[in-house]
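The values are calculated or read from the model by the stated rules, or taken from the named source; none is laboratory data. Only a predicted model underlies this, so the values are computations on that prediction, with no experimental measurement involved. Every residue, glycine among them, receives a Cβ derived from its backbone with ideal geometry; neighbour counts consider all protein chains shown.
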Amino acid sequence: MYQSYISGVGAYVPPRSLTNFDLEKPLDTSDEWIQQRTGIVKRHWVEGDTSTSDLAVEATKEALESAKLSKDDIDCIIFATLSPDHEFPGTGCFLQAKMDMSGIPAFDIRQQCSGYIYGLSMADAFIKNGMYKNILLVGAEIHSRGMDRTPEGRNVAVLFGDGAGATILSRKEAGADNESHVISYDLHADGAFAKELWTPGPGTGNGKEERLTTSMIDEKLHYPYMNGRQVFMHAVKRMAESLTYTLKTNGKSVEDVDLFLFHQANMRINDKVGEIMGIPPEKVFNTIQHYGNTTAATIPLGMRDAIKAGKLERGMLVGMAAFGSGFTWGSGLMRF
Ligand code: ACO
């Protein structure tokens, strides 16, 4: 019987950091508005020709180093992103080429802000069934180049940042409860809400002759749109619901959990989830104030920062929860 555990963690954000004040003029917004509603203070946006796979390369290198593994030890890549290098092939293939890891399978998955939890479940299942030994699970995004960075798009553009997080899931023989291992996860989606948080184009569902037309660009169909209130309501409800279920099915309570790593969409969402579940605020590790919402990267990025801050140590019981476009959502529990 095999189990998976996280053997390495890495993360990377591009050097250019923008405070809310930097966005005030170009987006007709204010530091006060952004902080009050989201908790965000700053975010990192790429410059030059950096691509999503470039960010992932840096996070991967740090994860390999922390796992004390070489790139040749990795036998599968799972790459979660909504902001790929190109329409196809998947960004996992570009990462693989840049890391010189040719031959191993490379999956791209598209569950947006829930991408890391979905990817974790896949990696765990592949390891448990004996297929792979060391899986690189990456979440990476460049949002800055995909948003309407004018006052018209300010409700979305202030929220998102660029960044990457990488973890390596490794195989071990099943052992005692206090040994590092992924314990459980819970996944959901409800496509009835697909258009509440989405980017329409390019795509075949826009009733146009081509997947991308100049008229689509004129109509700004290549930018993300969000019904903020719907997202808020559903995120709070679903994250709390799923995490409660995961804890209960594993016979654990909030008191048993040492640290909660939530998706970083909005500080108020996480505060509300904590309030509903009775989680003491000091048990939730948030990073949104520094990075904004980096979508598939938020949980591994938080993991890396929590380790650095001395808040996450081996042996700790960690609860995770995420909610995102789709709608997709889920939760996970692991002994780190
Ligand atoms: N700066 C200044 N004013 C703004 C901005 C901005 N960036 N964005 C919107 N406004 C204005 C609007 O124009 C509106 O003005 P009006 O009243 O004069 O018409 C007013 O602020 C209120 O706009 P709403 O869109 O209703 O703002 P709301 O109070 O709902 O807050 C927010 C928006 C913060 C996005 C909120 O809905 C929310 O927290 N939603 C959760 C969604 C979220 O956080 N998504 C993150 C990504 S999705 C994910 O990861 C799951």
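Okay, here's what the table says:
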| item | result |
| --- | --- |
| Leading residue by the ranking (nearest to the ligand (Cβ to nearest atom)) among those in region 21-38 that are touching a residue at least 24 places away in the same chain (Cβ under 8 Å) and part of a loop (DSSP other than H, G, I, E, B) | Thr29 |
| Residues satisfying the stated conditions in region 83-119, i.e. surrounded by fewer than 20 Cβ atoms within 10 Å (Cβ to Cβ) and either within 16 Å of the ligand (Cβ to nearest atom) or touching a residue at least 60 places away in the same chain (Cβ under 8 Å) (or both) | Glu87, Arg110 |
| Counted residues, region 230-246 - those being within 14 Å of the ligand (Cβ to nearest atom) and either hydroxyl-bearing (Ser, Thr, Tyr) or more than 21 Å from the chain's Cα centre (by Cα) (or both) | 1 |
| Positions within region 247-270 being over 21 Å from Arg314 (Cα atoms), away from the ligand (no atom under 11 Å from the Cβ) and in contact (Cβ under 8 Å) with a residue 24 or more places away in the chain, in sequence order | Thr249 |
| Residue within region 51-61 that is in the same structural domain as Ala157 (by TED's automatic domain parsing), among the acidic types (Asp, Glu) and in contact (Cβ under 8 Å) with a residue 60 or more places away in the chain present | yes |
| Ala164, sole failed condition from (1) in contact with a helix residue (DSSP H, G or I) (Cβ under 9 Å, 6 or more places away or on another chain); (2) closer than 23 Å to Arg304 by Cβ; (3) surrounded by fewer than 18 Cβ atoms within 10 Å (Cβ to Cβ) | (3) |
| Odd one out for Leu18, checked against (1) surrounded by 19 or more Cβ atoms within 10 Å (Cβ to Cβ); (2) part of a strand (DSSP E or B); (3) within 16 Å of the ligand (Cβ to nearest atom) | (1) |
| Selected residue [touching a helix residue (DSSP H, G or I) at 6+ places or on another chain (Cβ under 8 Å) and closer than 22 Å to Thr295 by Cα] from Asp85, Asp49 | Asp85 |
| Lone qualifier among Ala164, Ala189, Ala194 - being within 30 Å of His44 (Cα to Cα), touching a residue at least 24 places away in the same chain (Cβ under 8 Å) and not assigned by TED's automatic domain parsing to the domain that holds Ser242 | Ala164 |
| Sole exception among (1) in contact with a strand residue (DSSP E or B) (Cβ under 6 Å, 6 or more places away or on another chain); (2) assigned to a loop (DSSP other than H, G, I, E, B) for Val46, by number | (1) |
| Qualifying residue in region 240-253 (condition: in contact with a His (Cβ under 8 Å, 6 or more places away or on another chain), assigned by TED's automatic domain parsing to the domain that holds Glu313 and modelled with pLDDT of 95 or more) | yes |
| Inter-residue pairs, beta-carbon under 8 Å, first outside the structural domain of Gly201 (by TED's automatic domain parsing) and closer than 19 Å to Leu82 by Cα and in region 145-156, second among the hydrophobic types (A, V, I, L, M, F, W, C) and assigned to a helix (DSSP H, G or I), 6+ apart | Met147/Val156; Met147/Ala157; Asp148/Val156; Asp148/Ala157; Arg149/Leu27; Arg149/Ala157; Gly153/Leu27 |
| Residues of region 28-41 classified as out of contact with any Phe, Trp or Tyr (no Cβ under 8 Å at 6 or more places or on another chain), at negative phi and either modelled with pLDDT under 95 or charged (D, E, K, R) (or both), total | 2 |
